[in-house]
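The values are calculated or read from the model by the stated rules, or taken from the named source; none is laboratory data. What you see is a predicted model, and the numbers here were worked out from it, not measured in a lab. In this analysis, Cβ positions are derived from the backbone assuming ideal geometry, glycine residues included, and neighbour counts consider all displayed protein chains. Accessible surface areas use protein heavy atoms only, side chains included; no ligands, DNA or RNA. Shrake-Rupley method; radii C 1.70, N 1.55, O 1.52, S 1.80 Å.
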Amino acid sequence: MLYFRLNANYLAAAFVALYFLSRFFFKPSINTVKTYHAPSSNTIYKGTTWQSDRTVAVRTVAETSFARCDIHTVVSEDGQKVFNDWIFLEEVNAVNIVVQTAEGKFVVFKQYKYAVPGETFSPVGGFVDDGEHPWTSAKREVLEELGLGSSATLERVNTNFGNRDDRFRNDPKRMRNVVIDIIQHDAIQPTFDEFDIPEGHIPTSDDPDWVFLGRYRTAVNRGGGFTYLYLLKNAVPLLPNGGSELYAGTGDDEQQSIMHLSVHEVFDFLSQAKFQEVKWTATFALSLLHINNGMPSCCGEQE
């Protein structure tokens, strides 16, 4: 009996030891966490690969169709050192657009983002499609997310519809398809600068309510794509309920609500860091500089 009791005690101690050893050597990792993989027919990154005259090699660690994590081998500026662990994040180029209505109100989203604790506020934004001029992307995103556009686009819509039945105009799906077709028909071809990077300029005579605020690298040493900033002034509804809380936007499956802010309120939000992404903050700040201080549109464009 004593022999059995001792062995039972040893056995229990062994189980306890194995339990704690297993917790130590087999810690849960991100790979063991259940994850959701969105269905996709193509998981290869669809953007371009950044290389400069200092790039020696590029090794891909992970990628999706919209982003990729690479390890670059990079020569130092003086050519004396080689860095083999230069993390570089590729991301498809994007647009951010501040929208101000004909009544002078700024249309802002109140939403929640994965990397931001609590609520934040944002402008319109989205990725630039392959072969798309960033300005075309901006017009498409404003339509999809808010149902708004410029007076020039509205004039094109009215010309296209003519005297059609009002029931057609009140059908959001049919109207959206028509307006998207008009935006694509009016699209301009992408142009590139001397570094082969897409430009975001707006042809001077095309639409005076659209303002290009510049193209910016997201992270100067780590990539993150380029972001093209725009301001749309005097925005008007192109789709039923456009710009209101009743409009059902398309695109990302995110919970968000629409707010209408005055110039003073946007200043207040900027001073309190309520636009919690630096690109959003820059887009609103540059827009106010243009509207209130007469800052010209970016890069030599004429007003």
In region 152-244, the trypsin sites (Lys or Arg not before Pro) that fall in loop regions by DSSP, at most 15 other Cβ within 10 Å: 164, 222
Using the Karplus curve 6.51 cos²θ - 1.76 cosθ + 1.60 with θ = phi - 60°, what ³J(HN,Hα) values do you get for each residue of region 133-139, in whole Hz, with x for Gly and Pro? 5, x, 5, 4, 4, 4, 4
Counting only residues 5 or more apart in sequence or on a different chain, those whose built amide H sits under 5 Å from that of residue 124 are 97, 99
Sequence-distant aspartates and glutamates (8 or more away, or on other chains) whose Cα lies within less than 19 Å of residue 274: 119, 254, 265
Whole-percent carbon and sulfur share, accessible surface of region 167-303, 1.4 Å: 52 percent
Taking 0.36 nm per residue of separation between residue 44 and residue 173 and subtracting their Cα-Cα distance, the length gained on full extension comes to 43.3 nm
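At 1.4 Å probe size, with the rest of the protein present, what percent of the exposed accessible area of region 53-150 is carbon and sulfur atoms?
51 percent
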First check a/c for region 203-245, with a ≥ b ≥ c the square roots of the eigenvalues of its C-alpha gyration tensor; if it is under 1.5, answer rounded, and if not, answer prolate when a/b is larger than b/c or oblate otherwise. oblate
Once you compute Rg and the Kirkwood Rh from C-alpha atoms, what is the Rg to Rh ratio for region 60-176? 1.15
Provide the per residue accessible area, probe 1.4 Å, for region 164-303, rounded to a whole number of square angstrom. 57 Å²
Compute the distance from the alpha-carbon center of region 79-147 to that of region 205-265, in whole Å. 8 Å
